[in-house]
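Colleague: Have a look at this one.
Taken together, the values in this text are just the output of simple stated rules run on the coordinates, not laboratory data. Source: prediction; values computed, not measured. Backbone-built Cβ (ideal geometry, glycine too); neighbour counts: all protein chains shown.
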Amino acid sequence: MGAIQQRNITADVLKGLAVIFMIQVHIMEQFASVEVNNGIIGRFFYFLGGPFCAPVFLAVMGYFLAKTKPSFWNYLKRGFLLITVGILLNIARSIHLLITVFQGKYDLDPLFYIFGADILTLAGLSIIILAGLHLISKDNLFLYIPVLFVFATLGSFVNIIPNSQNFFLAFVIGNFEHSYFPLFPWFSYVLLGYIFKIIFNKHQILISRFTYLHWIFIGLLSIVILYFSKDIFAISSNLPVYYHHDYMFVLWMTGFMILYVLLINQISKVLQNNMILEFFSWTGKNVTIIYIIQWLIIGNIATAIYQTQDLLKSELWFIGITATSGILTFIYLKIIKYFKNKNEISF
């Protein structure tokens, strides 16, 4: 039981770090000036919000979907719920902007913001696709690995001219301005987590017991990851390229996540009951709520101060919005717990 609990803590910390890095990226993208974005510190923040963020979050999601193995209908229900929440969040975080558009202050198409392909809609579509794959074969790697290959590579070879009417196509593929997390290539990371869990279940002893061969593999993998890190750094700091990266980025991320997960797992073992670790674990457990709250704040403030803040002000915004998101999440959980307990007592 201890090992299972430890793996869960590791996953929570990974998600917690991911959402914190994601808040930083949103601040840079929406608040920070062009000069800050193009500076070395700004580009470094984008790097932290690249490999350490969405790919890791999606892989952890895939891992737990393989672990819990919900029924087909639960898959579908969760998938459509996330898509609905994602679209509602698009509207809610853009209320200020949409008001200014309807007032005629900006000549923008509101549908681009309502139907933006963000990470929640991606998560919902990914779960729905997994529902279909799970019906065909639950744990057959001969199904999942080829599908992973298709999603990791096909996006690089399909060229779709941006079209203002292709709102729904943007959820799947294409270099659209409102297509941040299309299925191609981002579903690859959900499959990576799902596949890893299948392999782990079949070869748990071989994976868990480290030998000299394991350390040699980690050493060689580390060299390869470091060698190509400069290219990944450049991709991560160029958001259009990052959102629509190719199979080489996916391949690099596969190796990177192996090392990153091992590192966080080891840190979680060494720093048990550490206050900082517990904070990241708590944020990971409540990642969806925190993600929604931070976007509601950032999205609506951004209309007024879009890309006008210097580095110091941007970081103050980051600290303030991160703290506010955590406090509001804590209050939300307390309210939910209160009404839950009240209903149980009444019953």
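Colleague: I need the peptides 247-253, 265-271 ranked by packing, meaning the mean over residues of other C-beta atoms within 10 angstrom, with the highest value on top.
Modeller: Output ranking for 247-253, 265-271: 247-253, 265-271.
Colleague: Show me the ranking of peptides 191-200, 93-102 by mean Cβ neighbours inside 10 Å, starting with the highest. Could you put the intermediate results ahead of the total?
Modeller: Numbers: 191-200: 20.4, 93-102: 17.0.
Result, highest mean first: 191-200, 93-102.
Colleague: For the chain, what is the charge dipole size about the Cα centre, in debye to the nearest 20, if Lys and Arg each add +1 at the Cβ and Asp and Glu each add -1 at the Cβ? All intermediate terms of the calculation are to be shown ahead of the outcome.
Modeller: Numbers: 21 positive and 14 negative charges, 270 e Å.
That gives the chain a dipole magnitude of about 1300 debye.
Colleague: For A117, which sequence-distant residues (separation of 5 or more, or a different chain) have an amide H within less than 5 Å of its own amide H, given hydrogens modelled in the peptide plane?
Modeller: When sequence neighbours closer than 5 places are left aside, the close amide H contacts are S179, Y180, F181.
Colleague: While we're here: List every residue whose amide H lies under 5 Å from the amide H of G39, counting only residues 5 or more places away in sequence or on a different chain, with H placed 1.01 Å from N in the peptide plane.
Modeller: Correct list: empty.
Colleague: Determine ³J(HN,Hα), in whole Hz, for all residues of the stretch 305-318 in sequence, where each value follows from phi through the Karplus function 6.51 cos²θ - 1.76 cosθ + 1.60 and θ = phi - 60°; x replaces Gly and Pro.
Modeller: Per residue, the Karplus-derived 3J(HN,Hα) values read 10, 3, 6, 10, 9, 7, 4, 4, 5, 4, 6, 5, 4, 4 Hz.
Colleague: Taking +1 at the Cβ of each Lys and Arg and -1 at the Cβ of each Asp and Glu, which of Q294, S208, I264 sits farthest along the dipole of the stretch 187-315 towards its positive end, judged by Cα position relative to the Cα centre?
Modeller: Result: S208, furthest along the dipole toward the positive end.
Colleague: What percent of all Cα-Cα pairs in the stretch 55-253 falls into each 10 Å bin, going from 0 up to the bin containing the maximum distance?
Modeller: Spelled out per bin, shortest first, that is 8, 29, 33, 20, 7, 2, 0.
Colleague: A follow-up question, please. Which label marks the calculated value of semi-axes √(5λ) of the Cα gyration tensor in Å, given the options [x] 43, 21, 18; [y] 31, 25, 23; [z] 38, 28, 15?
Modeller: [y]
Colleague: Binning at 10 angstrom from zero up to the longest distance, how are the C-alpha pair distances of the stretch 1-150 distributed in percent?
Modeller: Answer for the stretch 1-150: a P(r) of 10, 27, 34, 21, 8, 1 percent.
Colleague: Another one. Tally Lys and Arg at +1 and Asp and Glu at -1 over the other residues with C-beta under 15 Å from the C-beta of E177: what net charge comes out?
Modeller: On the way: positive: none; negative: E29, D107, D109, D118.
That works out to -4.
Colleague: For the pair T211/I40, report the inter-label distance in nm, with labels modelled 7 Å from Cα in the Cβ direction.
Modeller: Modelled inter-label distance: 4.4 nm.
Colleague: To continue, here is another question. If amide H atoms are built 1.01 Å from N in the plane of the peptide, which residues on other chains or at least 5 residues away come under 5 Å of the amide H of N175?
Modeller: I160
Colleague: Okay, next question. Karplus couplings for the stretch 112-128 from phi (6.51 cos²θ - 1.76 cosθ + 1.60, θ = phi - 60°), rounded to Hz, Gly and Pro as x?
Modeller: Computed from phi, the couplings for the stretch 112-128 are 4, 8, 6, 10, x, 7, 9, 6, 6, 5, 4, 4, x, 5, 5, 5, 5 Hz.
Colleague: Now a separate question. Determine ³J(HN,Hα), in whole Hz, for all residues of the stretch 207-213 in sequence, where each value follows from phi through the Karplus function 6.51 cos²θ - 1.76 cosθ + 1.60 and θ = phi - 60°; x replaces Gly and Pro.
Modeller: With coefficients 6.51, -1.76 and 1.60, one gets 6, 6, 8, 6, 10, 4, 5 Hz.
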